[in-house]
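S.K.: What follows is a single structure, and I will ask about it in a moment.
The values are calculated or read from the model by the stated rules, or taken from the named source; none is laboratory data. What you see is a predicted model; the values in this text were computed from it and never measured. Backbone-built Cβ (ideal geometry, glycine too); neighbour counts: all protein chains shown. Areas reflect the complete protein model, heavy atoms only, side chains present, ligands, DNA and RNA absent. Shrake-Rupley method; radii C 1.70, N 1.55, O 1.52, S 1.80 Å.
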Amino acid sequence: MQDRLGREIDYMRISITDRCNLRCGYCMPECGVPSVPHDMILRFDEIVGLVKIFCSMGIKNVKITGGEPLVRKGAVGLIKDIKAIDGIEKVSMTTNGILLSKNLNALAEAGIDSINISLDTLNRQKYLNITGFDGLNTVLKAIDECRAFPEMKVKINAVTMVDYNRDEICNLADFAAGVGATLRFIEMMPLGLGTGFDGYSQDEIIAVLEESYGSAKTINDKAGSGPAKYYSFEGLEGRIGFISPMSHKFCGSCNRIRLTSEGLLRPCLGSDVGIDLRKPMREGASDEELAQIIHDGIVNKPEGHCFETTDSLMSKIGG
Ligand code: SAM
Ligand code: SF4
């Protein structure tokens with residue numbers, strides 16, 4: 001369906017937990033997130049029921065995220081159930097990769113279309129500094145294992161931070177090209193703990209890449225369901241994507257909405273607007289009534305993000 005500004009909304013991100021097994025400094029407090037009572041979290045059957053309604057309203061692509069989605073037991077089964085919904089075309093997941101190895105076969109069997117793996121550095125010590133966990137080799141092993149499933153697209157998402165990983169930009173590009181994955185740089189968003197970090201802009205990263213690989217060329221076809229813009233470089237195999245909400249604001253063509261693990265419909269990542277779906281659903285609202293609430297939420301999707309006045313943690317909304 002379209003919102004009041006004519007934007008076609010066909011993509012939804014579902015955060016299935018706000019817990020995580022890592023502590024990335026820009027996302028998750030060192031002490032983790034305050035514990036939420038179990039019954040405030042949507043059950044998987046409730047999520048599937050809601051996705052069916054969203055799907056009837058035009059949602060075609062679903063991304064499962066978190067927190068870390070794979071820390072929630074049964075996440076793969078949920079993916080399978082969502083993939084089976086008539087009208088859902090693609091289901092993907094964003095993960096830090098720590099628990100990916102042991103779930104890979106089941107994810108492939110569930111029919112997942114693509115996996116985005118977050119990786120900001122290829123240096124073991126820096127990985128530990130950024131995430132609080134000595135897990136680089138575990139993630140690299142999982143990425144390597146993904147190559148056994150060519151039908152499953154793999155993207156590597158990297159956030160850059162001044163003083164942390166400028167020198168990793170080309171290492172990550174070479175690495176992604178070597179394993180046949182698409183690398184995307186996400187600009188640091190001043191949301192939650194992200195406000196404490198300075199990131200590099202798209203243009204700064206392109207300049208670094210051009211120094212090593214020659215001039216960048218825009219690629220016009222879309223390689224995903226989201227806002228990434230893709231470039232090729234003369235001396236580099238494959239393409240590099242950029243998700244640049246700060247320097248190249250894409251709100252005018254935003255096609256996405258979010259559902260949090262507690263059942264809030266969040267029409268915009270950079271706004272505190274949240275519409276409770278859990279309460280009416282548990283009070284017995286019909287699918288038609290829920291569809292009306294969702295419709296009103298989508299119609300009123302904010303025109304653009306305003307991170308400065310947004311109070312949420314990224315780990316709650318799921319990126
Ligand atoms: N745990 C999973 C992961 O790391 O992929 C999924 C959730 S995580 C919140 C989703 C993405 O958001 C990750 O790629 C992470 O790097 C990114 N992210 C978290 N905080 C951010 C911030 N302040 N600015 C930009 N990206 C951020
Ligand atoms: Fe966890 Fe992902 Fe946030 Fe890192 S970015 S703390 S892996 S939710």
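The rows are residues; the columns are (1) within 21 Å of Ser261 (Cα to Cα); (2) in contact with a Gly (Cβ under 7 Å, 6 or more places away or on another chain); (3) buried (at least 20 other Cβ atoms within 10 Å of the Cβ).
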residue: Gly74; (1), (2), (3): yes, no, no
residue: Ile79; (1), (2), (3): yes, no, yes
residue: Thr95; (1), (2), (3): yes, no, yes
residue: Leu107; (1), (2), (3): yes, no, yes
residue: Gly111; (1), (2), (3): no, no, no
residue: Ile115; (1), (2), (3): yes, no, yes
residue: Ile156; (1), (2), (3): no, no, yes
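S.K.: When both residues are 6+ apart or on different chains and their Cβ atoms are under 8 Å apart, which pairs have a first residue that lies in region 122-139 and is of a type outside the set (D, E, K, R), and a second that is in a loop (DSSP other than H, G, I, E, B) and open to solvent by 80 Å² or more (accessible area, probe 1.4 Å)?
M.R.: Tyr127/Phe133; Asn129/Tyr164; Ile130/Tyr164; Gly132/Glu30
S.K.: Filter region 157-209 down to residues that are closer than 22 Å to Val139 by Cβ, small (Gly, Ala, Ser) and more than 15 Å from ligand 2 (Cβ to nearest atom), then give me how many there are.
M.R.: Count: 6.
S.K.: Which one of these is crowded, with 16+ Cβ neighbours inside 10 Å, closer than 29 Å to Asp296 by Cα and of a type in the set (Asp, Glu): Asp45, Asp18?
M.R.: Going through Asp45, Asp18 in turn, the sole match is Asp18.
S.K.: Still on this structure, please answer the following. So Ser271 ticks every box in (1) open to solvent by less than 60 Å² (accessible area, probe 1.4 Å); (2) part of a strand (DSSP E or B); (3) without any contact (Cβ under 8 Å) to a residue 60 or more places away in the chain but one. Which box is left unticked?
M.R.: Of everything listed in (1) open to solvent by less than 60 Å² (accessible area, probe 1.4 Å); (2) part of a strand (DSSP E or B); (3) without any contact (Cβ under 8 Å) to a residue 60 or more places away in the chain, Ser271 misses just condition (2).
S.K.: Among the residues of region 118-138, which ones are within 13 Å of ligand 2 (Cβ to nearest atom), over 23 Å from Cys31 (Cβ atoms) and of a type in the set (D, E, K, R)?
M.R.: Once the filter is applied, which keeps residues that are within 13 Å of ligand 2 (Cβ to nearest atom), over 23 Å from Cys31 (Cβ atoms) and of a type in the set (D, E, K, R), region 118-138 yields nothing.
S.K.: Can you tell me which residues in region 118-134 are surrounded by fewer than 20 Cβ atoms within 10 Å (Cβ to Cβ) and of a type outside the set (Phe, Trp, Tyr)?
M.R.: Across region 118-134, the qualifying residues are Leu122, Asn123, Arg124, Gln125, Lys126, Leu128, Asn129, Gly132, Asp134.
S.K.: Now a separate question. Give me the residue from region 1-15 that is open to solvent by 30 Å² or more (accessible area, probe 1.4 Å) and out of contact with any strand residue (DSSP E or B) (no Cβ under 7 Å at 6 or more places or on another chain) and, out of that set, nearest to Glu303 (Cα to Cα).
M.R.: Only one residue tops the list, namely Leu5.
S.K.: Look through Glu262, Glu288, Glu283 and report the one residue that is acidic (Asp, Glu), within 16 Å of ligand 2 (Cβ to nearest atom) and at pLDDT 90 or above.
M.R.: The match here is Glu262.
S.K.: What strands (runs of 3 or more DSSP E), lying completely within region 1-105, carry at least 2 residues that are free of Cβ contacts under 8 Å to residues at least 24 places away in the same chain and more than 26 Å from Lys155 (Cα to Cα)?
M.R.: none
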